[in-house]
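See structure below.
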Amino acid sequence: MTNRIFCTLLGLAVLVAFVPSDALAAEDLKVIKGEIEALKKGQKAIQRQLGEIQRLIRSGGRATRPAPPKNVVVKVEGEFFKGDVNAPVTVVEYSDFECPFCARFFRQTLPEIEKNYIKTGKVKFVYKDYPLVRIHKKAFKAAEAAQCAGDQGKYWEMHDTIFKNKKAMAEKDLHAHAKMIGLDEVKFMACLNGGGKKAGVREDIAEAVKAGIRGTPTFLIGLTEPGKSTVKTVRRIRGAQPYPRFKAIIDQLLASKKKK
């Protein structure tokens, strides 16, 4: 293909060089020059693709991605959380209300973490919004709805209701959820339609991107430092992993806390 592009370029160059200028209209010259530029760009694109193929061959066919940053510091002050504010371990979940894997974690793994670690004062569980808006069109508005419910002290009630009713996330459904959990419907809808929670959701998204998070759910886990507005996370779990995976990491961090 590269040879064919080269021959085409050569032929056009010869045409421009040897055909008398009065035999070619200005418009024709413009078209030919445009075609030459387009072919040059096409050749460069092919060269880039060949270079990528060569890199893949050298790496054994595995596409290489930059490793996510380690020891990510995330904001926890002012975020919605479960558990003791000064629990020794902090787990931060980046999640999407429309994500089926996030729903699986909510159903299968979170109850065990809550029973054994959150309610016993060992884990502070922080929820952050990372709606993948390109594929989940309703997730952003659902995130806003949960935060609006939080203004009335019922964040987790809305959080749980949305995950339990994943096929009901249209605005009318969110309104129905608000009514069901006992919110002031007028205040809730004013909040939801006013867009005041958009900035907070976008802040969570920006933080997730900076932390190198590419999918949901993703969990960043670290030791709590009482009185601090941030937590330095040292471990990362990707996806709806089973409870034993979380247990192993949490227990390891709790043991390291005791040693200190």
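The values are calculated or read from the model by the stated rules, or taken from the named source; none is laboratory data. Not measured: the values here are computed from a predicted model. Heads up, the Cβs are rebuilt from the backbone with ideal geometry, glycines too, and the neighbour counts pull from every protein chain shown. Remember, those area values only see protein heavy atoms, side chains included, never the ligands or the DNA or RNA. Shrake-Rupley method; radii C 1.70, N 1.55, O 1.52, S 1.80 Å.
Listed values, structure above:
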{"quantity": "Area of Arg235 that stays accessible when all protein chains are in place (1.4 Å probe, Å², to 10)", "calculated": "80"}
{"quantity": "Per-residue SASA entry for Met158, accessible area with 1.4 Å probe, Å² rounded to 10", "calculated": "0"}
{"quantity": "Under the Karplus curve 6.51 cos²θ - 1.76 cosθ + 1.60, θ = phi - 60°, whole-Hz ³J(HN,Hα) for segment 162-177, x wherever Gly or Pro sits", "calculated": "5, 5, 7, 10, 5, 8, 10, 10, 5, 4, 5, 5, 4, 5, 5, 4"}
{"quantity": "Inter-probe distance in nm under a simple model that places probes 7 Å from Cα toward Cβ, at Glu225 and Arg245", "calculated": "2.8"}
{"quantity": "For Val234, residues with placed amide H under 5 Å, excluding near neighbours", "calculated": "Ile221, Gly222, Leu223"}
{"quantity": "Contour excess over end-to-end distance, with Cα ends at Leu254 and Arg214 and 0.36 nm allotted per residue", "calculated": "11.6 nm"}
{"quantity": "Cα gyration tensor category, rounded, prolate or oblate, for segment 145-197 with a/c compared to 1.5", "calculated": "prolate"}
{"quantity": "Rough spin-label spacing in nm, given labels placed 7 Å along Cα→Cβ, for Lys115 and Phe80", "calculated": "2.4"}
{"quantity": "Extended-chain gain in nm, criterion 0.36 nm per residue less alpha-carbon gap, Ala67 and Arg134", "calculated": "21.8 nm"}
